[in-house]
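Presented below is the structure to which this report refers.
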Amino acid sequence: MTDEQKLIDRIKQGERSAFRELVENNKQAVYAICFRLSGNHTDADELSQVVFIKFFKSIPLFRQEAGVQSWLYKIAVNSFIDQKRKKVDKIMHLFSQEETDEGTFEQTIISEKSDPEQATDASIIQAHIDQAMKKLSPKEKSAFILKHYHGHTIKEIAGAINTSEGTVKSLLFRGVKKLQQALSFYRPELGLEEK
Amino acid sequence: MGNCQKYLEKLIDGSYEAMHPVERKIFERELSSDPKCKQEFDQMKKTLVLMENSSVPDPGENYWNSYWENINPKIEKSLKPVNIKWQGLLRAAAFIAGGLFLGYLLFSQPQDEMASTNLSEEDVRQVALSNETMDLLEDSKILLLGIVNLDTQTGESENIDFSFQKEFSGNLLRKAADLKELLKDSPNRRVINLLSELELIMMQITNLENKFDLPAIEVIQGGADEQSLLFKIDLERMLIDAQLENPAKNKQDKKDKIKS
């Protein structure tokens with residue numbers, strides 16, 4: 001029996017300190033995926049707490065073969081997709097904000113074109129990546145994050161977001177295409193021709 | 001993905017990265033023979049390389065140190081789905097309803113019928129409890145079948161509103177608690193255990209989100225399956241049915257068994 005399995009057994013027996021140990025062991029990984037999904041600290045903090053609460057509630061029925069981290073990631077992406085679905089009004093508001101942001105974003109791009117040195121700054125690239133990620137649908141984003149930042153296989157992603165492997169490939173393809181388009185101003189780096 | 005699909009797919013699913021150097025060389029040679037696809041492949045590859053620049057900022061030591069303190073009260077809160085005062089009131093109401101039901105059973109039956117079946121007050125109480133158990137099991141089965149048979153793969157269930165199931169489950173949860181109380185002196189531990197298992201599942205259904213809550217639904221489906229709840233419900237209903245058919249005979253059989 002692995003240490004993880006022993007920990008789960010202790011939690012199932014009602015040992016709260018064991019659950020605390022599980023949270024301490026996984027909080028950074030869960031926060032990281034939540035941050036990548038939500039794109040900001042406040043939402044990542046809220047989402048990561050939801051993940052642990054849902055995990056705690058489901059612990060009596062947790063199937064050990066799944067692996068704690070995979071299960072936590074699965075809860076994270078599904079909670080994120082669910083939250084996005086629920087907050088339609090809020091999303092509409094965010095879309096209108098994004099449209100405004102987009103203007104600023106494009107202005108930044110133009111200014112960077114005139115100053116190539118600035119474009120190499122890591123924080124600016126990060127900001128561009130964050131903006132580009134906002135173009136992805138929740139499912140595209142979840143699939144992309146699990147694949148490229150957490151090393152999941154197509155099969156594992158399909159299991160996590162409850163869809164077929166073919167759909168995951170389509171989601172990834174569409175996602176990468178959107179990212180490519182959103183980041184197309186990095187033409188020399190992306191090997192794109194100037195129009 | 002067009003004509004370049006077979007190349008781009010290798011990049012998307014990670015098999016390009018996992019290729020053996022020799023295999024990769026062959027792949028790249030083949031790709032180079034199609035300039036259009038090569039360009040598309042390179043662009044996509046460079047996008048992915050650029051995306052590797054993304055990092056997650058560290059929220060700081062203070063945040064990590066207080067992480068558990070922030071989450072612990074929410075876990076405590078999540079463990080109390082039903083308001084205690086309401087639970088008490090509902091339990092009292094259920095007791096009154098149970099009493100009325102028993103009274104109805106006792107006094108509405110003609111005396112000669114009671115005499116002919118040779119049932120004592122205790123027998124009548126048992127019959128009433130058995131009927132209540134049957135009703136609860138039947139309702140639980142209907143609710144569970146609905147959840148267990150949900151198709152989580154196709155996405156067709158994603159628009160279902162679970163508010164009715166949650167409310168129904170909440171009612172069953174309270175009925176199960178009341179019934180367990182009434183059955184606490186019963187020698188039939190199996191039915192009490194089954195009610196406890198059902199209570200756990202009902203609590204999970206009651207705590208579902210109104211919209212499609214996939215992880216929670218999968219947990220419920222897995223739990224119902226692992227504990228063979230539907231099978232246990234059917235089995236218990238069959239046994240109760242058999243008892244209800246002839247309670248006096250069953251009682252005599254029990255006595256005979258004890259004597260022998």
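FYI, it's all coordinate maths here, none of it is from the lab. If you're wondering where the values come from, they're calculated on a predicted model, not measured in any experiment. Counting neighbours? That spans all protein chains shown, and the Cβs are built from the backbone with ideal geometry, glycine included.
Could you please rank B:Tyr7, A:Tyr73, B:Tyr63, placing first whichever residue has the fewest other Cβ atoms within 10 Å of its Cβ?
B:Tyr63, B:Tyr7, A:Tyr73
Is there a simple number for the mean count of other chain Cβ atoms within 10 Å of the Cβ of residues in B:221-232, and what is it?
Average neighbour count from other chains, rounded to a whole number: 1.
Could you put B:Thr47, A:Thr153, B:Thr206 in order, starting from the residue whose Cβ has the fewest other Cβ atoms within 10 Å?
The most exposed by this proxy come first: A:Thr153, B:Thr206, B:Thr47.
Want the number for B:Ser228 to B:Phe164: 0.36 nm per residue separation, take away the alpha-carbon distance, what's left?
Between B:Ser228 and B:Phe164, full extension yields 20.6 nm more.
Provide the FRET efficiency to the nearest 0.05 for the B:Asp151-A:Lys155 pair, computing r from the beta carbons and using R0 = 22 Å.
0.65
Can you tell me the FRET efficiency between B:Met134 and A:Ser17 if r is taken as the Cβ-Cβ distance and R0 is 56 Å, rounded to the nearest 0.05?
My answer for the efficiency is 0.85.
Which pairs in the list A:Lys139/A:Lys169; A:Lys12/A:Lys139; A:Lys57/A:Lys84; A:Lys169/B:Lys25; A:Lys139/A:Lys178 are over 20 Å apart, alpha-carbon to alpha-carbon?
A:Lys12/A:Lys139; A:Lys57/A:Lys84; A:Lys169/B:Lys25
Residue by residue through A:55-61, how many Cβ atoms from other chains fall within 10 Å of the Cβ on average?
Mean shielding count: 6.
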